[in-house]
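*Asks:* The structure that follows is given in the form of structure tokens.
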Amino acid sequence: MLLALVCLLQIPQAYTTWDRKEVPPLPLSGLSVVCSTATQLHRALRTQRSGTTIVIKDGAYDVSPFEPLTIDSNHVTIRGMPGDPAKVILTGKGFNYCGMEEMIILKAADATLASFTISEVRGNGLKLQTGNNHNCLLYNMRFLNIGERMIKGPGVAVSRNWEIRYCHFEDTKVAPAVRCGESATDSSGDYIAGMDIMNSDSWVIHDCVFRNIRGPAGDARGGIFFWGGKAGHANTNVTVERNTFIGCDRAISFGNPSGTSDINGGVIRNNFIVRGCGIGIEMEHCTNVKVLNNTLYSSDAAYFRSVYFDANPSGNEFRNNIIFGMIKGNVQSMANNINKTLVPDTSANWFANITTADLHLTAAAAQAINTGTAGLVIDDWDHHARANGQCDIGADEYGTINIEKELP
């Protein structure tokens with residue numbers, strides 16, 4: 001039986017993300033423990049050793065009696081069967097549970113989490129507890145209905161070299177305006193985010209989806225939110241690229257008003273953003289951050305800060321972006337962007353399908369095609385090379401293979 005399971009796990013199984021990207025199979029790193037119940041999963045984590053691989057079979061697992069699940073040995077992998085992460089679902093105490101809850105706590109380095117769902121958690125889905133949580137990979141993970149932070153990286157020691165790829169972050173619920181069982185500062189239903197990361201170095205978030213991360217007053221934190229906090233711990237070398245955002249109160253937040261020196265060195269490039277209630281791209285207290293070739297669409301021509309800059313000291317660039325919406329503030333270098341306050345009857349013609357955040361260009365976007373500054377980016381949202389030494393403005397390079405949509 002075990003041999004049969006090993007053979008099954010070694011068969012690559014394709015999976016396509018919500019925004020139609022094919023996820024390459026993640027090679028298995030060796031099979032140590034196979035779990036088919038929550039009790040077995042808990043036992044496997046309690047007896048973990050460096051190099052352990054824990055494989056969770058397809059199914060639904062109520063892990064609330066065992067929380068928090070702790071990874072405290074280096075080089076531990078937890079993964080579902082290859083393929084659809086929605087087939088392996090870990091559930092906690094519930095999105096609106098009255099009290100703090102954390103499902104998985106990380107106290108080690110070199111961890112891999114892949115191909116399963118973390119769902120229905122009141123507090124943090126995954127929390128970095130000790131810092132020094134270096135060299136971690138989140139691959140094809142799904143975070144669903146997490147009441148505060150899907151990933152929480154507090155102001156502890158620096159965690160270096162994370163990669164978060166092909167992951168899905170989504171809420172289908174909205175918290176009440178006032179939450180029970182919390183401190184006064186965290187009791188607002190708007191205290192919610194995809195990831196809230198402090199004190200990081202060389203993190204890369206790419207090819208992920210962020211949907212409907214919202215608060216009751218439309219003031220949730222970012223789908224991606226990096227900041228330094230009042231202690232002034234700057235995040236360094238943060239890369240956010242080729243992601244899709246739709247319906248989030250904030251999409252990408254580098255810094256916020258309560259920070260000091262939030263980001264030093266970073267890139268935001270080739271992202272599709274359909275703005276939700278609030279800000280699509282936010283930068284505050286940032287230095288040496290490049291915002292390049294993103295496409296942002298806002299359906300509300302009256303909203304005053306689809307893109308928002310404030311208190312950014314030096315070395316920042318905002319270039320080659322398509323912004324349908326208003327920009328408030330500026331940074332040191334702003335050049336060759338297309339910024340339109342919306343004319344809704346014609347703006348939709350630029351893009352394939354705004355309702356699904358498919359912001360591939362159509363032939364109607366002639367103003368953006370082959371008019372970008374070359375050499376700033378080498379690929380586009382699809383990871384296709386920018387064509388013939390030329391560059392389109394925005395996240396999509398028009399004319400790349402089998403992707404673009406023509407007008408009917």
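Yes/no matrix, rows are residues, columns are (1) more than 30 Å from S188 (Cβ to Cβ); (2) within 23 Å of the chain's Cα centre (by Cα):
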residue: L26; (1), (2): yes, yes
residue: Q48; (1), (2): yes, no
residue: L69; (1), (2): no, yes
residue: T77; (1), (2): yes, yes
residue: I105; (1), (2): no, yes
residue: D110; (1), (2): yes, yes
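*Asks:* Something else now. If V289 satisfies all but one of (1) crowded, with 21+ Cβ neighbours inside 10 Å; (2) of a type outside the set (D, E, K, R); (3) touching a residue at least 60 places away in the same chain (Cβ under 8 Å), what's the number of the condition it fails?
*Replies:* Status for V289: all satisfied but (3).
*Asks:* Another question, if that's okay. Return a yes/no flag: does the range 165-177 have any residue that is more than 15 Å from the chain's Cα centre (by Cα), surrounded by fewer than 19 Cβ atoms within 10 Å (Cβ to Cβ) and at pLDDT below 95.
*Replies:* yes
*Asks:* Answer with yes or no whether D58 is closer than 21 Å to V121 by Cβ and acidic (D, E).
*Replies:* Yes: the conditions hold for D58.
*Asks:* On to the next question. Taking the condition more than 28 Å from T17 (Cβ to Cβ), among the β-branched types (V, I, T), out of contact with any Asp or Glu (no Cβ under 7 Å at 6 or more places or on another chain) and at pLDDT 95 or above, does T236 pass?
*Replies:* no
*Asks:* The conditions are (1) polar (S, T, N, Q); (2) closer than 20 Å to G278 by Cβ; (3) modelled with pLDDT under 95; (4) surrounded by 21 or more Cβ atoms within 10 Å (Cβ to Cβ), and S188 fails exactly one of them. Which is it?
*Replies:* Failing condition for S188: (4).
*Asks:* Now a separate question. Of everything in the range 228-268 that's surrounded by fewer than 24 Cβ atoms within 10 Å (Cβ to Cβ) and of a type in the set (K, R), which residue is farthest from the chain's Cα centre (by Cα)?
*Replies:* Applying the filter and picking the extreme gives K230.
*Asks:* Quick check on this structure: which one of N124, N133, N161 is touching a residue at least 12 places away in the same chain (Cβ under 8 Å), surrounded by fewer than 23 Cβ atoms within 10 Å (Cβ to Cβ) and more than 14 Å from the chain's Cα centre (by Cα)?
*Replies:* N161
*Asks:* Restricting to the range 352-366, count the residues that are within 28 Å of G266 (Cα to Cα) and not in a strand (DSSP E or B).
*Replies:* Restricting attention to the range 352-366, the residues satisfying the condition of being within 28 Å of G266 (Cα to Cα) are 354, 356-361.
Right, trim to not in a strand (DSSP E or B) and you get 354, 356-357.
Residues that pass the stated criteria total 3.
*Asks:* Which condition from (1) at negative phi; (2) surrounded by fewer than 24 Cβ atoms within 10 Å (Cβ to Cβ); (3) touching a Gly at 6+ places or on another chain (Cβ under 6 Å) is the one that G181 breaks?
*Replies:* (1)
*Asks:* Let me ask something else about it. For the range 301-321: of the residues being in contact with a Leu (Cβ under 8 Å, 6 or more places away or on another chain) and within 24 Å of D219 (Cα to Cα), which is surrounded by the fewest Cβ atoms within 10 Å (Cβ to Cβ)?
*Replies:* Step by step, filter the range 301-321, then rank; the result is A301.
*Asks:* Take K290 and decide whether it is farther than 24 Å from W227 by Cα and of a type outside the set (S, T, N, Q).
*Replies:* Values: farther than 24 Å from W227 by Cα: no; of a type outside the set (S, T, N, Q): yes.
Spelling it out, it is not the case that K290 is farther than 24 Å from W227 by Cα and of a type outside the set (S, T, N, Q).
*Asks:* Taking interchain pairs and intrachain pairs at least six residues apart, which have beta carbon atoms under 7 angstrom, with the first residue in the range 354-377 and within 21 Å of A251 (Cα to Cα) and the second surrounded by fewer than 16 Cβ atoms within 10 Å (Cβ to Cβ) and of a type in the set (K, R)?
*Replies:* From residues that are within 21 Å of A251 (Cα to Cα), the pairs are H360/K405.
*Asks:* Consider only pairs whose beta carbons are under 7 Å apart and that are at least six residues apart or on different chains; among these, list those whose first residue lies in the range 303-325 and is more than 20 Å from I263 (Cα to Cα) and whose second residue is surrounded by fewer than 22 Cβ atoms within 10 Å (Cβ to Cβ) and among the basic types (K, R).
*Replies:* Here the result reads F304/K328; R305/K328; F324/K340, each pair linking the range 303-325 to a residue that is surrounded by fewer than 22 Cβ atoms within 10 Å (Cβ to Cβ) and among the basic types (K, R).
The values are calculated or read from the model by the stated rules, or taken from the named source; none is laboratory data. In this text, all values refer to a predicted model and were calculated from it rather than measured experimentally. All Cβ positions, even for glycine, are placed from backbone atoms using ideal geometry, and neighbour counts span all protein chains on display.
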